[in-house]
Structure formats: structure tokens, C-alpha cells
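Some notes on the structure that comes next.
The values are calculated or read from the model by the stated rules, or taken from the named source; none is laboratory data. In this text, all values refer to a predicted model and were calculated from it rather than measured experimentally. Don't worry about glycine lacking a Cβ; one is built from the backbone with ideal geometry, like all the others, and counts go over all protein chains shown.
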Amino acid sequence: MICPVFRGKVNEQGVLQVDARFDAWLSTLKGREVDVIVRKKRKQRSLQQNRYYHGVIIKILADHCGYSPEEMHEALKEKFLGTQERDKHGLIKMKSTAVLSKDEFIQYTNEVIRWAAENLTVYIPDPHLVDF
């Protein structure tokens with residue numbers, strides 16, 4: 001089951017105010033046990049970061065390695081975001097880059113750039129030095 005994410009705000013009295021759609025979602029779960037997670041809102045990566053990742057990092061590495069951009073993206077996710085855990089089907093669990101916060105995405109791209117330099121001797125230019 002795909003679970004939606006609802007945005008809310010904790011007011012000055014410490015009361016959580018949530019989007020009205022939240023109540024509608026709750027009504028679909030009557031009688032069930034649920035997990036409730038509340039965390040500070042995370043900054044999502046910007047469109048600029050996304051364009052740099054796909055238009056520069058992925059393109060350069062895919063060209064160098066002979067992969068399609070999709071194959072390169074999947075290979076990097078497995079290398080840097082995969083875990084040793086396996087799901088019930090025996091497949092490696094991997095995070096999607098879409099769920100990474102802005103800071104996590106910066107860390108991920110920095111790891112990829114460092115790995116490319118050290119292991120492939122591939123230089124990936126700083127985002128301020130290229131048009132993408």
C-alpha cells in the first residue's frame with residue numbers, strides 16, 4: 001500500500017494542524033493498527049540539483065562506462081544507496097534518490113564525484129562551472 005505524505009504545522013500551543021485530506025485518509029484505516037511518524041519537514045533537492053545530477057554527473061559517467069543514463073543511475077543507486085538487506089523476494093533494498101533530503105542528496109552526489117575521480121579517473125566539473 002502506498003501511503004501519502006501529509007504536511008502539517010505545530011502551532012504555538014503545540015497542537016498539530018494537518019491538511020484536511022489527512023482525516024479522509026484516516027477514515028480508510030478504521031480498525032487497523034498504524035504507524036505514526038512526525039518529523040521536521042525536510043528540504044527536498046532543487047530542480048537545479050536534479051538537472052546537475054542527470055545532465056552532468058550521470059551523462060559523463062554513462063558515456064565513460066558505456067551505459068545508458070538509466071543504467072548508470074541504477075548502478076550508482078545500488079553502489080551508494082543499496083543496503084545489505086534483502087526484501088522477501090531476495091532483492092537488494094535500495095533507496096530512491098527522490099526520497100533524499102537536500103543535504104542527503106548533496107552528500108550522495110559528492111560521494112559519486114569522489115568515487116568517479118578515485119576509481120575511474122573521471123573529472124566531474126563543479127556545478128558552477130558548467131551549463132546544464
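What to note about this one:
- Counting only helices (runs of 4 or more DSSP H) wholly contained in segment 1-79, the ones carrying 1 or more residues that are closer than 18 Å to Arg114 by Cα and in contact (Cβ under 8 Å) with a residue 24 or more places away in the chain occupy 47-52, 59-65.
- Residues in segment 90-126 that are exposed (fewer than 13 other Cβ atoms within 10 Å of the Cβ), not hydrophobic (A, V, I, L, M, F, W, C) and not in a helix (DSSP H, G or I): Gly90, Lys93, Ser96, Thr121, Tyr123, Asp126.
- Of all residues in segment 84-108 being of a type in the set (Val, Ile, Thr) and within 16 Å of Lys43 (Cα to Cα), the one that is modelled with the lowest pLDDT: Val99
- Residue in segment 28-47 that is more than 30 Å from His128 (Cα to Cα) and surrounded by 10 or more Cβ atoms within 10 Å (Cβ to Cβ) present: yes
- Candidate set: segment 69-89, residues that are within 13 Å of Tyr53 (Cα to Cα) and not acidic (Asp, Glu); chosen: the one surrounded by the fewest Cβ atoms within 10 Å (Cβ to Cβ): Pro69
- Any hit, segment 1-16, residues being under 15 Å from the mean Cα position of the chain (by Cα), farther than 25 Å from Pro125 by Cβ and surrounded by 11 or more Cβ atoms within 10 Å (Cβ to Cβ): no
- Restricting attention to segment 109-119, the residues being more than 19 Å from Arg42 (Cα to Cα) and either in contact (Cβ under 8 Å) with a residue 40 or more places away in the chain or among the small types (Gly, Ala, Ser) (or both) number 4.
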